[in-house]
Amino acid sequence: MEHSLWGHLPLLLKSSSKESVEYILQALWRTRNTGLDAADRHTIRELLKLQNDSDLDPLLVCLRILMRRCVYENVGKDEIQKLFPQEVLPELQRLLTLLLQKFQREWQGDAFKDMAPLPRLKEMTWRMADQQKDSTDPAVVINLKLQNNAQTPGGEREVKFQLAKDTLETMQRYMYRIRDQLSDAIFHQFTFHIEARQHTMLPTIRSDIIHNQASSWLEQVEPILASKMSC
């Protein structure tokens with residue numbers, strides 16, 4: 001299906017200028033959550049000298065796929081041209097690569113703002129679970145107090161769950177892996193932003209928040225494993 005969509009990209013060559021293609025990409029991004037309205041579709045058909053939507057729709061689907069990959073798949077600026085298969089004409093590859101490079105950073109910032117904020121771990125408490133008569137395995141009851149938005153008063157909720165020792169140890173191992181991988185990600189993102197002299201640190205801040213939550217979780221899980229559960 002996707003392979004056949006690339007064959008519709010040459011329709012962009014019907015436009016009169018680079019600015020026309022730029023307008024189309026910007027219109028698609030602006031309407032990423034709503035879809036193009038009738039006025040936008042009419043304008044794009046005129047720019048491309050198309051008579052009906054049956055010719056336009058496959059092209060728009062192909063462009064949206066390309067734009068999503070460029071924004072959400074962490075594709076480097078110098079790697080954008082690799083998104084195109086060989087069947088795409090070289091002049092189209094060059095044109096779209098230049099435009100995607102031009103808007104990638106701006107669109108990634110928009111995509112970050114579209115995301116719902118991650119809940120923040122505010123407090124964690126725990127206690128040993130009541131031992132069942134027919135069970136010899138110790139378990140712990142963990143209570144997490146989460147804040148949905150650190151910048152908004154209130155919005156707190158609590159999550160309570162019970163874990164056996166082997167499950168808690170498994171979770172601890174995965175949290176260590178998450179923390180270590182995020183440590184590397186934070187370093188590379190920070191270096192990239194400094195070298196690029198970008199004023200936004202949004203992706204770095206997001207990784208840093210997750211990293212801090214993982215570290216906080218590990219600091220509180222380790223005493224649990226060292227407690228009565230080790231008996």
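The values are calculated or read from the model by the stated rules, or taken from the named source; none is laboratory data. Computed from a prediction, not measured in an experiment: that's the story for all the values here. Neighbour counts run over all protein chains shown; Cβ positions are idealised from the backbone, glycine included. For the accessible areas, the whole protein counts, side chains as well, though only heavy atoms, and no ligand, DNA or RNA atoms are used. Shrake-Rupley method; radii C 1.70, N 1.55, O 1.52, S 1.80 Å.
Per residue, the range 19-119 exposes 55 Å² of accessible surface when a 1.4 Å probe is rolled over the protein heavy atoms with every protein chain present. Approximating the spin labels as points 7 Å out from Cα along Cα→Cβ, the Asp53-to-Lys77 distance works out to 3.8 nm.
For the pair Asp137 and Tyr176, label points projected 7 Å from Cα toward Cβ lie 2.1 nm apart. Ranked by solvent-accessible area (1.4 Å probe, protein heavy atoms only, all chains present), the residues Lys113, Lys165 order from largest to smallest as Lys113, Lys165. Note on Asp110 and Ser16: the extension gain reaches 31.0 nm, defined as 0.36 nm multiplied by sequence separation minus the Cα-Cα distance. Placing R0 at 45 angstrom, the Cβ-Cβ distance between Arg69 and Thr167 gives a FRET efficiency of 0.75 after rounding to 0.05. For the listed peptides 155-163, 15-23, a ranking on the average number of other beta carbons within 10 Å per residue, highest first, reads 15-23, 155-163.
Computing FRET efficiency as 1/(1 + (r/R0)^6) for Arg30 and Glu156, where r is the C-beta to C-beta distance and R0 is 41 Å, gives about 0.70.
Taking every lysine pair in the range 4-126 that is 8 or more places apart or spans two chains, those with Cα atoms closer than 24 Å amount to 12.
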